[in-house]
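Notes follow once the structure below has been shown.
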Amino acid sequence: MATIIYQKNKCIGCHACVEWAPDRWRISRKDGKSILMGSQLKKKVYVAAINDREVLQNLRAAEKCPLKAIKVCA
Ligand code: SF4
């Protein structure tokens, strides 16, 4: 089990995370920013627990995010 931490305030809606980890990321029609599916807002960041098979693609999403808004913690 790992955790994704997402700072939505940094997001510019570039779609990179959606392309690399489409099961977890969507672009909001409301504000054009990414949504971390299944997350909860905790102290201004979105947090989601993910299973082991999701780690690799979300690590790639984090790596490709130009604003470094995504972190994956093992
Ligand atoms: S890759 Fe980063 S900046 Fe781009 S949509 Fe995803 S969270 Fe936002």
(request) Give a residue-ordered list of calculated ³J(HN,Hα) values for region 11-25 (Karplus: 6.51 cos²θ - 1.76 cosθ + 1.60, θ = phi - 60°; whole Hz; x for Gly, Pro). (result) 5, 10, x, 7, 6, 4, 5, 5, 5, 8, 9, x, 6, 10, 10
(request) Could you calculate the contour length gain from residue 74 to residue 9, that is, 0.36 nm times the residue separation minus the distance between their Cα atoms, to one decimal place in nm? (result) 21.1 nm
(message) Within region 14-74, count lysine pairs with alpha carbon atoms under 19 angstrom apart where the residues are 8 or more positions apart or belong to different chains.
(response) 13
(request) Report the label-to-label distance for residue 60 and residue 41 in nanometres (one decimal), using points 7 Å from each Cα along the Cα→Cβ vector. (result) 3.1
(request) Divide by every residue of the chain the summed helix terms, -39500 (n - 2.57) for each DSSP H run of at least 4, and state the resulting mean residue ellipticity at 222 nm, rounded to the nearest 500 deg cm²/dmol. (result) -7000 deg cm²/dmol
(message) Considering all alpha-carbon pairs of region 2-73, what whole percent are spaced by more than 18 angstrom?
(response) 24
(request) Set Lys and Arg Cβ to +1 and Asp and Glu Cβ to -1, take the dipole of region 2-73 about its Cα centre, and tell me which of 22, 66, 51 lies farthest positive. (result) 66
(message) Charges at C-beta only: +1 for Lys and Arg, -1 for Asp and Glu. How large is the resulting dipole of region 2-73 about its Cα centre, in Debye rounded to 20?
(response) 380
(message) I need the phi-derived Karplus couplings for region 34-40: 6.51 cos²θ - 1.76 cosθ + 1.60, θ = phi - 60°, integer Hz, Gly and Pro marked x.
(response) 6, 10, 8, 5, x, 9, 10
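Throughout, read-outs are computed from the coordinates displayed, never taken from laboratory work. This structure is a prediction, so every number in the text was calculated from the model and none was measured. Glycine gets a Cβ as well: all are built from the backbone with ideal geometry, and neighbour counts include every protein chain shown.
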